[in-house]
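The values are calculated or read from the model by the stated rules, or taken from the named source; none is laboratory data. Predicted model, so just to flag it, every value in this text is computed and none were measured. No Cβ is skipped: glycine too gets one built from the backbone with ideal geometry, and neighbour counts run over all protein chains shown. Please note that ligands, DNA and RNA were not included when accessible areas were found on the heavy atoms of the full protein model with its side chains. Shrake-Rupley method; radii C 1.70, N 1.55, O 1.52, S 1.80 Å.
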Amino acid sequence: MLTFSAGAVNAWGFLSLGGVFTSVVTANSALIGIGLGGADPTLGGLAAVAVLCYVLGAAGAGAAGHPHRGGRPHRADFLLLELLLLWAVVGWWLAVDGDPSGGERTAMLGTVAAAMGCQNAGVRLAMGAQMPTAYLTGLLTGAVTDAVTDRRIQWRVLGTTTLLILGAAAASLLERLLPGAAPLLPALLVTAAWLTVHARTGARRAS
């Protein structure tokens, strides 16, 4: 659910919020350089907003997953923070009928980028560094290297990559057919993930 939602957020952000990505820091960093070089300062500025807010979101997830006063870390709390950010954008998008001003569009971009930073950092805390949901370059590179050197195919990596692509395709389709519904998709998926985690936690406590 999180990987599918990450694909949807990146596609929707790219198509509707200024042509930059919400979680692909490598690409956005290159766009910042393009802006600094004078080719497209506006695009570079938007990319800088996305990277800065991504960092803030990751920091927020780290704080949410850190144990407080000697207690146990609440590693799934990042999902609550992420879904609140995504639903805030959904409400904002609907309030302006899918036609935000330039400043509103930039603020929305920053909010969804923070949500993606929150997701990536939260997943790293909860499931380890080998289970990313929104940045796949390193994961795919490792899978290709293993396939060549060890003759071992990492099907999980292929599945993760496929889910990201399908999420982007779904958001792109919604953007064309039902533009107002496009930001709903990732918000609903992250909410479902949060409910799933809490249901499992409740089941464990009951047993």
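Restricted to the stretch 147-165, and to residues that are aliphatic (A, V, I, L, M) and part of a helix (DSSP H, G or I), which residue is least open to solvent (accessible area, probe 1.4 Å)?
Our first condition is that a residue be aliphatic (A, V, I, L, M); within the stretch 147-165, this holds for 147-148, 153, 157-158, 163-165.
Now drop any that are not part of a helix (DSSP H, G or I), which leaves 147-148, 157-158, 163-165.
Numbers: A147: 40, V148: 95, V157: 1, L158: 78, L163: 74, L164: 41, I165: 106 Å².
Among them, the one singled out is V157.
Quick check, is L188 open to solvent by 40 Å² or more (accessible area, probe 1.4 Å) and within 18 Å of the chain's Cα centre (by Cα)? Explain how you work it out, then say what you get.
Values: open to solvent by 40 Å² or more (accessible area, probe 1.4 Å): yes; within 18 Å of the chain's Cα centre (by Cα): yes.
Here the answer is yes, as L188 does meet what is asked.
Within the group A121, A134, A168, which residue is in contact (Cβ under 8 Å) with a residue 60 or more places away in the chain, closer than 17 Å to F4 by Cα, assigned to a loop (DSSP other than H, G, I, E, B) and under 16 Å from the mean Cα position of the chain (by Cα)? Show your work before the answer.
Details: A121 fails: assigned to a loop (DSSP other than H, G, I, E, B); A168 fails: assigned to a loop (DSSP other than H, G, I, E, B).
Testing whether each residue is in contact (Cβ under 8 Å) with a residue 60 or more places away in the chain, closer than 17 Å to F4 by Cα, assigned to a loop (DSSP other than H, G, I, E, B) and under 16 Å from the mean Cα position of the chain (by Cα) leaves just A134.
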Within the stretch 102-121, residues being in contact with a Leu (Cβ under 9 Å, 6 or more places away or on another chain) and not hydrophobic (A, V, I, L, M, F, W, C) number 6
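What helices (runs of 4 or more DSSP H), lying completely within the stretch 1-109, carry at least 1 residues that are crowded, with 16+ Cβ neighbours inside 10 Å, at pLDDT 95 or above and touching a strand residue (DSSP E or B) at 6+ places or on another chain (Cβ under 8 Å)? Show your work before the answer.
Working: elements: 2-16, 25-36, 41-64, 77-95.
Output list is empty.
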Quick one: what pairs do we get from the stretch 96-111, first residue of a type in the set (S, T, N, Q), second open to solvent by less than 40 Å² (accessible area, probe 1.4 Å), C-beta under 6 Å, 6+ apart or different chains?
T111/V89
